[in-house]
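Notes to accompany the following structure.
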Amino acid sequence: MQVFETIEALQNELAHIKDKSLGLVPTMGALHQGHLSLMKQSLKDNDHTIVSIFVNPTQFNDPKDLEKYPRTLEKDCKLIEELGVDYVFAPTVTEMYPEPDTRVFNYPPQDEVMEGKYRPGHFNGMCQIVSKLFAIVNPTRAYFGEKDYQQLIIVKRMVKELGFDIEIVGCPILREKDGLALSSRNSLLSAEERKNALDISGTLFDSVEYAKEHSLKETLGYVVNRINANTNLELQYFEIVDADTLLPVSDWSESASIIGCITVFSGTVRLIDNIKYKS
């Protein structure tokens, strides 16, 4: 496995495999089995695989969140190498942003709701870095986890509108045995906070069964009330939306594909999750 810190060195290497298929797994590091599942899929689908590790400052609207985001490059590289990945791209901030990126990406309504509402500028920063990585690496395919479902939808739209010839592959959420969605932020949870966080996935799972006999509005209330019943959790939002437009729906018959998206604070740690009701 080769590790590159500069764009020039990476592109010189990739020039040697330009006739081969190349999978890109963009990450911010602090890798877990969810990330590794994306890499395994890329290794299966492509001749070569590259993993990027870059904590992108432009997608953090809270400086404190950026500061405390876990950084474990040495451990990450070991995990990646054990899988048999070919390349790691781990640039510095100055390498990726030698000057400020002033590009503005607008993809309404998908970037205005949910995360877009509560994290202003987040998706613009995400599109900045992902578009940069796509231009640098020029992959055949790029892999994103469905836990960040809204991000996946926006990346697909960006690729289409900017004309990138890249297949975007969404990979299923990986969970701990007790149901907690894998996330780099889980490492920030105390034992008690992690225990409380189990109510998030547990409530979502139960709501799928509840929805079979109840209206969409009743299901929405069921989830909100159960999360609020745990005084150690703080619900930021739960919305049941069309899986393509990400706009709220009011009845199960309104769309053929419906997903519930949730964000909850356990202590100071912000956790996101989702569940499919119709697909």
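The values are calculated or read from the model by the stated rules, or taken from the named source; none is laboratory data. Everything quoted here is computed from the prediction, not taken from an experiment. Here Cβ is always computed from backbone atoms with ideal geometry, including for glycine, and neighbour counts include all displayed protein chains. Protein only, heavy atoms only, side chains kept; ligands, DNA and RNA dropped before computing areas. Shrake-Rupley method; radii C 1.70, N 1.55, O 1.52, S 1.80 Å.
Values for this structure:
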read-out	value
Unique residue being modelled with pLDDT under 95, surrounded by fewer than 21 Cβ atoms within 10 Å (Cβ to Cβ) and not aliphatic (A, V, I, L, M) when the list is Ser184, Ser190, Ser131	Ser184
All positions within segment 208-231 that are within 14 Å of Ile259 (Cα to Cα) and either among the β-branched types (Val, Ile, Thr) or touching a Gly at 6+ places or on another chain (Cβ under 7 Å) (or both)	Val208, Thr219, Val223
Residue that is nearest to the chain's Cα centre (by Cα), among those in segment 186-201 that are more than 15 Å from His32 (Cβ to Cβ) and among the aliphatic types (A, V, I, L, M)	Ile200
Selection from segment 67-103 of residues that are of a type in the set (Val, Ile, Thr) and either in contact with a helix residue (DSSP H, G or I) (Cβ under 6 Å, 6 or more places away or on another chain) or over 20 Å from Glu161 (Cβ atoms) (or both)	Thr72, Ile80, Val85, Val88, Thr92, Val93, Thr94
Counted residues, segment 73-115 - those being of a type outside the set (D, E, K, R), open to solvent by 50 Å² or more (accessible area, probe 1.4 Å) and within 15 Å of Val55 (Cβ to Cβ)	4
Long-range neighbours under 9 Å by Cβ, at least six apart or interchain, first residue on the phi > 0 side of the Ramachandran plot within segment 114-131, second part of a loop (DSSP other than H, G, I, E, B)	Met114/Leu246; Gly121/Phe60; Gly121/Asn61
Single match in Ser183, Ser201 (criterion: in contact with a Gly (Cβ under 9 Å, 6 or more places away or on another chain) and farther than 27 Å from Phe89 by Cα)	Ser201
Test set (1) under 24 Å from Leu36 (Cβ atoms); (2) open to solvent by less than 70 Å² (accessible area, probe 1.4 Å); (3) not in a helix (DSSP H, G or I) - Lys177 fails condition number	(2)
Helices (runs of 4 or more DSSP H) contained in segment 111-174 and holding at least 3 residues of a type outside the set (A, V, I, L, M) and in contact with a helix residue (DSSP H, G or I) (Cβ under 9 Å, 6 or more places away or on another chain)	122-137
Selected residue (criterion: nearest to Gly116 (Cα to Cα)) from residues of segment 20-61 that are buried (at least 19 other Cβ atoms within 10 Å of the Cβ) and hydroxyl-bearing (Ser, Thr, Tyr)	Thr58
Positions within segment 8-54 being of a type in the set (Lys, Arg) and more than 17 Å from the chain's Cα centre (by Cα), in sequence order	Lys18, Lys20, Lys44
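So that you can scan it fast, the table gives a plain yes or no per residue for (1) in contact with a strand residue (DSSP E or B) (Cβ under 6 Å, 6 or more places away or on another chain); (2) surrounded by 15 or more Cβ atoms within 10 Å (Cβ to Cβ); (3) modelled with pLDDT of 95 or more; (4) of a type in the set (Gly, Ala, Ser):
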residue: Gly145; (1), (2), (3), (4): yes, yes, yes, yes
residue: Lys160; (1), (2), (3), (4): no, no, yes, no
residue: Ala197; (1), (2), (3), (4): yes, yes, yes, yes
residue: Ile200; (1), (2), (3), (4): yes, yes, yes, no
residue: Gly221; (1), (2), (3), (4): no, no, yes, yes
residue: Glu234; (1), (2), (3), (4): yes, yes, yes, no
